[in-house]
Amino acid sequence: MKDFTVHINANISDPHPLSDKYKNHKIFKDMGLIMEFYEFVSCSSYGCLLPGNGDLIQNPDSYIFSSIGGTIESMFVLLQTSHINDAFALLRVYFDEILIATFFSAYRTDQFNEKAQEHCQNNMNLYYVKKVKTWIEGISDTPKCMDAIKYFKRSNCYQELFNKFDFEGKYKKIREILDDSVHINGFSLMVKNDNSLNIEYREDELDNFHSMLSSLFQFHLASIIHLDSNYVMSSDCRDYRDIGQIPPEGSEYWVCPKAQEVFVEFILPDKNLADFFKETCDMEFDYNANSEE
């Protein structure tokens, strides 16, 4: 496991050192937690055989998660050095990444379920979803953002969860703000990258960044739990099987500590989402945990 301890301004010459309020902002702790989760889920998904992946031995989701974690790490470094606008521009990249990852997961599940009903007599373990396979092979293009969102609205396996998120309002606004940073739509956005300026509102920018990142990660975390809940499963069940023993009854529903930690931090505060998972998810999350503990 990587060390995501925060070391801000180490060996960096800055005539205007960052304030303690900036350096101790909650965003750095939460980004460390998010990076650790993506590292975990990359490892946990690596050996999982998923419906629609055909005969692929290595799960492509593992590489998708590690790449997304790399984007979070890049933003982390940019914020450490107060290159604020670049961090916001990369947050826009992260927005695209989680939409793409969720699209292929939902599409793959829907297509597999449809084919399984049509050809239940065949060996469905070797069935692969063509759109996913050709994308991995570099033959087909990545779906556009709006195309992915349109699909989410009609997806059999994902529509119910997607409707919990305000993509017509809240998430549309986030995307517009991040687009401004990507295209540097204003002098004030450009100078946010100059960390030699003593900009008084740096901490406010961290507040804004933290709010948007939390909303985006909440969306992706909820999507992972809903579409691929085995990714957040505790290793106990597999560990027993690896040594030739029968796993304890119900251990396939146990949740790994890192998934529980981010669940408490990013899902439980949203009662609407928490209630949704109570009703629909078999995984044994602790719904009484306290994020401050």
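Taken together, the values in this text are just the output of simple stated rules run on the coordinates, not laboratory data. This is a predicted model, so every value here is computed, not measured. As a convention, Cβ positions derive from the backbone with ideal geometry for all residues, glycine included, and neighbour counts pool all protein chains shown.
Here are the numbers:
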| item | result |
| --- | --- |
| For V255, distant residues with modelled amide H under 5 Å away | S234, E284 |
| Between the range 129-159 and the range 265-282, the Cα center-to-center distance that results, in Å | 26 Å |
| Likely footprinting exposure, D20, D180, fewest C-beta neighbours within 10 Å first | D20, D180 |
| Binned Cα-Cα distances of the range 20-233, short to long, each 10 Å bin given as a whole percent | 8, 31, 33, 18, 8, 2, 0 |
| Dipole magnitude of the range 20-233, debye to nearest 20 (Cβ charges: Lys/Arg +1, Asp/Glu -1, about Cα centre) | 440 debye |
| Sum of side-chain charges, D275 neighbourhood, beta-carbon under 13 Å (Lys, Arg +1; Asp, Glu -1) | 0 |
| Eligible lysines near K192 by straight Cα distance, threshold 28 Å, same-chain separation 8 or greater | K21, K23, K26, K29, K170, K172, K173 |
| Residue order, fewest to most surrounding Cβ atoms within 10 angstrom, among F277, F103 | F277, F103 |
| Debye intensity ratio I(q)/I(0), log10, the range 165-240, q values 0.14, 0.25, 0.26 Å⁻¹ (C-alpha model) | -0.65, -1.21, -1.24 |
| Percent RCO, i.e. relative contact order, over the range 20-233, from Cα pairs under 8 Å lying at least 6 residues apart | 29 percent |
| GluC sites (Glu not before Pro) restricted to the range 181-212 and DSSP loop, no more than 15 other C-beta within 10 Å | E200 |
